[in-house]
Amino acid sequence: MQPVRLGRGFWTVTAILAILAVGAIVFWYEFPLEKYLPEAIVTARQVDTLFRFMAATGSALYIFVGGYLLYFSIAFRAKATDPPDAIGVQIHDNHKLEFWWTVIPALFVVLLSIVSVRIWYEIMLEPENGVVVEAIGHQFYFSFRYPQINGEVTDEMHLPRGVPVTLNLTSADVIHGFWVPAMRLKNDTVPGLVTTIRFTPRLDGRYRIICTQFCGVLHSEMDKQALVIEEKPAFDKWYKGWQQRNAHTSNALPAAGGQAVALQGGSAPAGQQMFAQKCSACHKIAPFDEKVVGPGLKGVLHDPAHPNLVNGQPATPENVAAILQNGYTGSMGTMPNATANGLSAQDIANLVAFLDSLK
Ligand code: HEC
Ligand SMILES: [Cu+2]
C-alpha cells in the first residue's frame, strides 16, 4: 500500500476546526432559547436541554465533516502539471479507522437515546392529579371541555399556573395535531381515540396553539387560538364566566353512530326549541313539498300520502331517529348527521317526540 501523506497544514486545520467546534458547543449551551420561545411548562426546559445537546453535537460534527471536505478538496486538488487522466491515491481498508468511525457514532447514538428516554420519562411521569381538560380538534378550530363547564369552550384554553394538567385529546372529524411550541409538546388528535399529554404550566402568558396535520382546505387557519396561562384567581374568573355562559348548553356528547337511540322520555317542547335552533334553516313545519333545503316536516310521521321517508324506509319514529343520527344524502341534498348537527341522544329523542306530535 502506498503511504498516504497528509497535506501540509492538516494539523493546523484540525486545530482550527476543533476551536470552531468548541465554539459551536458553547454557543448552543449559552444561547438564550427561552428568550425567543418561552418555556411555558415545567418540562419544556428538559426538552430544550435535549435540543441543546443535539444541536451542539450536531454542529460540532458538521464543522469537522464540512471543514475537512473543504480542506481536502483544496489541498489535494489536481495540479496544472498533472496529465488529464491522472487519478489520486487509491486507498482500500483501514481497519483501525473503520473500527473507530463505527464505534464512536454507535456510542453517540446510545448516549442520545439514554438522554432522550430519561427526558421522555420525566414528561410522561407528570402527576396524574390536577385539572383534567379535553381538547377536541374540529375542521377548523379546537374546542375545549372542562369539568363543570357545560358544552364546549370555543375560543381559548385557559390553565392556572402551577397546577398539573392532564390534557386528553381527540377529534370530531379528521386527524389534527395539537401543538403549543412554547410547551415543546405536541400530539395528534385522532377521531375515536383519546391521546393524553401531561404537564404543569409554569409561566404566565398567551401561547399559540397550532394544528400540525394537513386537515383540510382551511388547515392554515388553525393557528389562531391561544393557550393562556394565568394565576389561579384570574383563571377562576374566566372559568366562572364560561360556566355562566354555557349554563344552558347541553353537556351530552354527540350521539354515537350506529347505536339505536332510546326514544322513550323524549320531550316535545324541548324538541321544538331545538328544532328552531338547529333545523329551521333547512326545514319548515309544513307539508313535504314545501321545501327549504330539505323537505317540509309537518307530516313526516302522520301523513298517509307520505308513508316512506326519503331513504325509502317506512315513516316510523325509529327510522326518523336513524336519519337524525346518521344523516342521509338523497336527491334534495344532504341531511347532516348528529355529529355535524351537534345532537346528543337525548336531543334526538326530543326532536322525534316533537315531530311525532305534529299532525
Ligand atoms: C343543512 C340543511 C339541513 C339541516 C340543518 C337539517 N336537515 Fe334534515 N334534511 C335535509 C335534506 C337536504 C334532507 C333530504 C335529503 C334527501 O333525501 O335528499 C333532509 C331530510 C330530513 C328528514 C327526512 C324527511 C323525510 O320526509 O323523509 C328528517 C326527518 C329531517 N331531515 C329532520 C331534520 C331535523 C330534525 C333537523 C335538525 C336537527 C334537520 N333535519 C336539519 C337538510 C337539512
Ligand atoms: Cu387541523
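The numbers here are math on the coordinates, done by the rules we state, and not lab data. All of these numbers come straight from a predicted model, not from anything done at the bench. Here Cβ is always computed from backbone atoms with ideal geometry, including for glycine, and neighbour counts include all displayed protein chains.
Below 14 angstrom from the Cβ of Ala321, what's the summed charge of the other residues (Lys, Arg +1; Asp, Glu -1)?
-3
When the Karplus curve 6.51 cos²θ - 1.76 cosθ + 1.60 is applied with θ = phi - 60°, which whole-Hz ³J(HN,Hα) does each residue of region 191-206 get, with x for Gly and Pro?
x, x, 9, 10, 10, 10, 10, 10, 6, 10, x, 10, 9, 4, x, 10
For the chain, what does the relative contact order come out to in percent, with C-alpha contacts under 8 Å and a separation of six or more?
13 percent
How much length, in nm to one decimal, is gained on full extension between Asp82 and Val194, taken as 0.36 nm per residue of separation minus their Cα-Cα distance?
So the chain would gain 33.5 nm between Asp82 and Val194.
Picking from Gln148, Ser171, Val117, whose Cα lies most toward the positive end of the charge dipole for the chain (charges on Cβ: Lys, Arg +1; Asp, Glu -1)?
Val117
Enumerate the whole-percent occupancy of each 10 Å bin, from 0 to the last occupied one, for all C-alpha pair distances of region 268-357.
With a bin width of 10 Å, the distribution comes to 18, 59, 23, 0.
From the C-alpha gyration tensor of region 56-115, pull out the three semi-axes of the equivalent ellipsoid (sqrt of 5λ each), sorted largest to smallest, in whole Å.
Sorted largest first and rounded, they come to 33, 16, 6 Å.
Amide H to amide H, which residues 5 or more places from Ile41 or on other chains are under 5 Å from it, using H placed in the peptide plane?
Long-range HN contacts for Ile41: Arg202.
Could you line up Leu263, Leu61 from fewest to most neighbouring Cβ atoms inside 10 Å?
Least to most surrounded, the residues fall as Leu61, Leu263.
Compute the angle between helix 232-245 and the longest alpha-carbon principal axis of the chain, please, reported from 0 to 90 degrees and rounded to the nearest 10.
30 degrees
Please work out the FRET efficiency for the pair Phe27 and Ile114, using the Cβ-Cβ distance as r and a Förster radius of 22 Å; give the result to the nearest 0.05.
0.35
Report the charge-dipole magnitude of the chain in Debye, nearest 20, computed about the Cα centre from +1 at each Lys and Arg Cβ and -1 at each Asp and Glu Cβ.
About 720 debye.
Using 1/(1 + (r/R0)^6) with R0 = 25 angstrom and r between the beta carbons of Asn326 and Val292, what's the FRET efficiency to the nearest 0.05?
Using R0 = 25 Å, I get an efficiency of 0.75.
Given the Cα-Cα distance of Leu218 and Leu37 and 0.36 nm per residue of separation, how much length would full extension add, in nm?
62.6 nm
Quick check for you: which residues of region 158-199 have the amide N under 17 Å from the point 7 Å beyond the Cα of Lys237 toward its beta carbon?
158-161
Hey, which of these cross-link pairs are over 29 Å Cα-Cα: Lys232/Lys278; Lys240/Lys278; Lys35/Lys232; Lys224/Lys284; Lys240/Lys298; Lys278/Lys359?
The answer is Lys232/Lys278; Lys224/Lys284; Lys240/Lys298.
Normalising by the residue count of region 118-241, find the relative contact order in percent from Cα pairs under 8 Å and 6+ residues apart.
27 percent
Would you tally the net charge around Ala262, using a Cβ to Cβ cut-off of less than 15 Å, leaving Ala262 out, and scoring K and R as +1, D and E as -1?
Residues close to Ala262 contribute a combined charge of -3.
Taking neighbour Cβ counts within 10 Å as the exposure measure, how do Ile41, Ile87, Ile16, Ile323 sort from fewest upward? Display every interim value, and only then the final one.
Details: Ile41 29, Ile87 8, Ile16 14, Ile323 19.
The most exposed by this proxy come first: Ile87, Ile16, Ile323, Ile41.
Roughly speaking, what is the stretch gain from Ala75 to Ala305, that is 0.36 nm per residue apart minus the C-alpha to C-alpha distance, in nm to one decimal?
Length difference between fully extended and current span is 73.3 nm.
For Tyr62 and Asp204, what does the FRET efficiency come to when R0 = 45 Å and r is the distance between their Cβ atoms, rounded to the nearest 0.05?
Numbers: r = 38 Å, r/R0 = 0.83.
That pair, Tyr62 with Asp204, gives E of 0.75.
What nm distance separates the two modelled labels at Gln244 and Gln264, each placed 7 Å from Cα along Cα→Cβ?
The modelled label-to-label distance comes out at 4.1 nm.
Pull up all non-local amide H partners of Ile209: gap of 5 or more, or a different chain, and H-to-H distance under 5 Å with H placed in the peptide plane.
It is Gln225, Ala226, Leu227, by chain and number.
Per DSSP H run of at least 4 residues, take -39500 (n - 2.57); add these up for the chain, divide by its residues and hand me the 222 nm value, nearest 500 deg cm²/dmol.
Result for the chain: -12500 deg cm²/dmol, rounded to the nearest 500.
Give the share of C-alpha pairs in each 20 angstrom bin for the chain, from 0 to the last occupied bin, in whole percents, shortest bins first.
Spelled out per bin, shortest first, that is 21, 35, 24, 14, 6, 0.
Residues with beta-carbon under 12 Å from that of Asn341, excluding Asn341: net charge, scoring Lys, Arg +1 and Asp, Glu -1?
Once all neighbours under 12 Å are counted, the net charge is 0.
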